[in-house]
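Accompanying notes for the structure given below.
The values are calculated or read from the model by the stated rules, or taken from the named source; none is laboratory data. Please read these numbers as outputs of a predicted model, since none were measured by experiment. Note that each Cβ is placed from the backbone with ideal geometry, even for glycine, and that neighbours are counted across all protein chains shown. Side chains included, ligands, DNA and RNA excluded: accessible areas come from the protein's heavy atoms. Shrake-Rupley method; radii C 1.70, N 1.55, O 1.52, S 1.80 Å.
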Amino acid sequence: MSQADEQEVVVRRSGGVGRLTLNRPKAINALNHAMVRTMAAALLEWEADPEVTAVVVDGAGERGLCAGGDIVAIHDDAKFGGTGSREFWRDEYVLNAAIGRYPKPYVAIMDGIVMGGGVGISAHGSVRVVTERSTIAMPETGIGFVPDVGGTHLLSRTPGEIGTHVALTTGRLNAGDAIALGFADHFVPSESLADFVAAIETGSVDEALSTFAQTAPESPLLAQQDWIDAAYSADTVEDIVSRLQAAGTPETTKAAEQILGKSPVALKVTLRSLRHARTLDSLEEVLNEEFRVSVASLSSHDLVEGIRAQVIDKDRNPQWSPATLADVTTADVDRYFQPLGELELGLAAPDLEEVRQ
């Protein structure tokens with residue numbers, strides 16, 4: 001096994017391009033704390049290096065860029081009172097914010113599966129490339145969690161209420177959806193990716209895009225915006241479900257069933273997070289609030305139970321508490337948004353020095 005095979009993030013230079021390849025293919029390149037620190041250190045170094053003109057981020061293996069964070073570790077922290085996940089999120093969100101303001105072209109190759117934390121290291125970049133294989137999602141409510149890594153920033157800024165639909169149902173985006181909803185910019189067929197990246201290394205990002213980018217597929221979600229907006233403009237999750245059920249079409253009935261299978265408290269916290277994220281001016285402000293929500297989730301019943309049901313025991317039968325939307329009180333939701341005092345994330349602008357150490 002080569003040294004590169006052993007590295008969880010392969011960091012290298014090719015011409016004037018800094019290359020970051022997530023290298024845990026058996027785990028679909030799921031992020032851990034060390035990987036976040038490695039990425040942050042490389043980006044900080046390349047930002048100051050005049051010979052680096054662009055950064056390209058991709059994932060090893062055939063399955064995807066990144067399936068998210070290590071949720072088994074999060075489960076263990078939540079169950080046993082550990083703080084490792086809190087510090088992981090702190091550094092991860094600082095990295096997400098830095099990517100959002102990176103001063104050089106940051107080219108994210110969003111091929112295959114891109115979920116959760118994978119969205120955080122790609123969809124805030126300046127050049128976001130999807131393929132016919134792309135599947136992008138923020139599936140957090142299905143494990144008793146709430147969209148993070150700047151996900152509520154992205155979801156709250158989609159056309160109409162499509163982002164609300166995606167967040168509450170944990171719906172998946174294809175390439176056309178990702179571009180229409182603002183998660184991506186360009187469509188490049190997967191068979192052309194190697195040549196596309198090679199063109200960046202020998203020329204420029206703009207030249208590579210002009211050669212290899214193609215017209216994006218249509219967005220199935222955008223075509224459904226009318227019924228999505230009609231249902232999801234309601235003020236509460238209960239009213240959203242009622243409108244979906246009343247509409248009575250196969251699409252709305254399926255959406256209502258999907259929502260009702262998710263964590264009731266996570267759904268209500270997610271809706272509040274999305275609505276508030278719309279009013280915030282910057283990604284940094286949204287990440288600050290997401291950090292409060294994520295830290296509060298660590299002491300919640302549903303995060304432990306959701307991960308147990310989906311990943312640990314895999315019985316797909318979570319026992320949520322509170323058990324229904326009607327049982328979730330305003331105080332239950334308020335708890336997730338309480339200030340953290342000296343533990344606040346406190347982002348105002350990207351500061352990669354914090355995670356370089």
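Side notes on the structure shown:
- Whenever a residue of the stretch 247-268 is in a helix (DSSP H, G or I), its partners that are open to solvent by less than 60 Å² (accessible area, probe 1.4 Å) and of a type in the set (Gly, Ala, Ser), lying with C-beta atoms within less than 6 angstrom and at least six residues away or across chains, give the pairs ALA266/GLY144.
- Filtered by the rule that a residue be open to solvent by 20 Å² or more (accessible area, probe 1.4 Å), aliphatic (A, V, I, L, M) and within 16 Å of GLY125 (Cβ to Cβ), the stretch 177-189 gives a lone residue, ILE179.
- Restricting attention to the stretch 266-294, the residues that are hydroxyl-bearing (Ser, Thr, Tyr), surrounded by 21 or more Cβ atoms within 10 Å (Cβ to Cβ) and over 15 Å from ARG335 (Cβ atoms) add up to 0.
- PRO139, sole failed condition from (1) within 18 Å of VAL55 (Cα to Cα); (2) surrounded by fewer than 24 Cβ atoms within 10 Å (Cβ to Cβ); (3) not β-branched (Val, Ile, Thr): (1)
- Taking the criterion of being assigned to a helix (DSSP H, G or I) and either open to solvent by 10 Å² or more (accessible area, probe 1.4 Å) or under 12 Å from LEU154 (Cβ atoms) (or both), the residues of the stretch 165-176 that qualify are HIS165, VAL166, ALA167.
- Qualifying strands (runs of 3 or more DSSP E) (wholly inside the stretch 1-91; at least 1 residues being more than 16 Å from the chain's Cα centre (by Cα)): 9-14, 17-22, 54-59
- Every residue from the stretch 210-246 that is assigned to a loop (DSSP other than H, G, I, E, B) and without any contact (Cβ under 8 Å) to a residue 24 or more places away in the chain: ALA234, ASP235
- Of everything in the stretch 98-133 that is basic (Lys, Arg) and within 22 Å of SER204 (Cα to Cα), the residue that is surrounded by the most Cβ atoms within 10 Å (Cβ to Cβ) is ARG128.
- Residue check for VAL107: under 19 Å from GLU191 (Cα atoms), assigned to a strand (DSSP E or B) and not hydroxyl-bearing (Ser, Thr, Tyr): yes
- Qualifying positions in the stretch 219-240 - open to solvent by 10 Å² or more (accessible area, probe 1.4 Å) and either closer than 20 Å to ARG172 by Cβ or touching a Cys at 6+ places or on another chain (Cβ under 9 Å) (or both): SER219, PRO220, LEU221, LEU222, ALA223, GLN224, GLN225, TRP227, ASP229
- Yes/no for LEU347 being in a loop (DSSP other than H, G, I, E, B), of a type in the set (A, V, I, L, M), touching an Asp or Glu at 6+ places or on another chain (Cβ under 6 Å) and closer than 29 Å to GLU161 by Cβ: yes
- When GLY150 is tested against (1) within 21 Å of GLU62 (Cα to Cα); (2) within 12 Å of the chain's Cα centre (by Cα), just one condition goes unmet, and that condition is (1).
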